[in-house]
Amino acid sequence: GRGGEQWSITEIVRMSADRGTTAGTAVGSVWNPGKVRGLIQHSILIVDDEQAVRYTLRRLLEGSGHRIVEAGSAEEALELAGQGSLDLVITDLKMPGGDGLSLAKTLLSQDPSRPVMLMTGYADVDSARSALQLGVYEYFTKPMDTNEVLVRVSRALERRKLVASDSMLDTGFDANAL
């Protein structure tokens, strides 16, 4: 960063576009898995009715080596979730036609091991409590600090990996048979 300061997502995207680099390269002084060869690509669904927010998160997370799928509504997100394997969902709380809490509840009932992160520009204690009671992995406010987003996404994906490993052990899955 600039002498210890942290950049906003918007600043990272603008700087990345100006330099012709990816957002992951731009934040390389803090954490840059985008430069690591052989990185396992995770599939992340970003759900927000604001195209600018989806674009910004897409640039940041693609720069870190992830495959991004976007949805502009809760309805579209449910369709996409039913079509393929997703490792993580990041959704806005308030959207027209369906809120992030209802979406999180449905997604978690379909796959409890898939972390759901809820972001909002309108944080309040009740929605935070409801989200955590549902099993939402993270609840954070917009605007988001880019470094913090990358750290939280990394932690969420690591959690999914650990939960999957535990479930394989619980079912007697023999990893050596692969």
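Averaging Cα coordinates gives a centre for region 67-93 and one for region 115-144; these two points are 17 Å apart. Placing pseudo-labels 7 Å out from each Cα toward the beta carbon at Gln83 and Asn147 gives an inter-label distance of 3.7 nm.
Distance between the pseudo-spin-label points of Lys94 and Tyr55 (7 Å out from Cα toward the beta carbon): 2.3 nm.
Accessible area per residue was computed with a 1.4 Å probe on protein heavy atoms; Tyr55 scores about 90 Å².
The values are calculated or read from the model by the stated rules, or taken from the named source; none is laboratory data. This is a predicted model, so every value here is computed, not measured. Quick reminder, even Gly has a Cβ in these numbers, built from the backbone with ideal geometry, and neighbours come from all protein chains shown. Quick note on the areas: whole protein, heavy atoms, side chains included, nothing else; ligands and nucleic acids left out. Shrake-Rupley method; radii C 1.70, N 1.55, O 1.52, S 1.80 Å.
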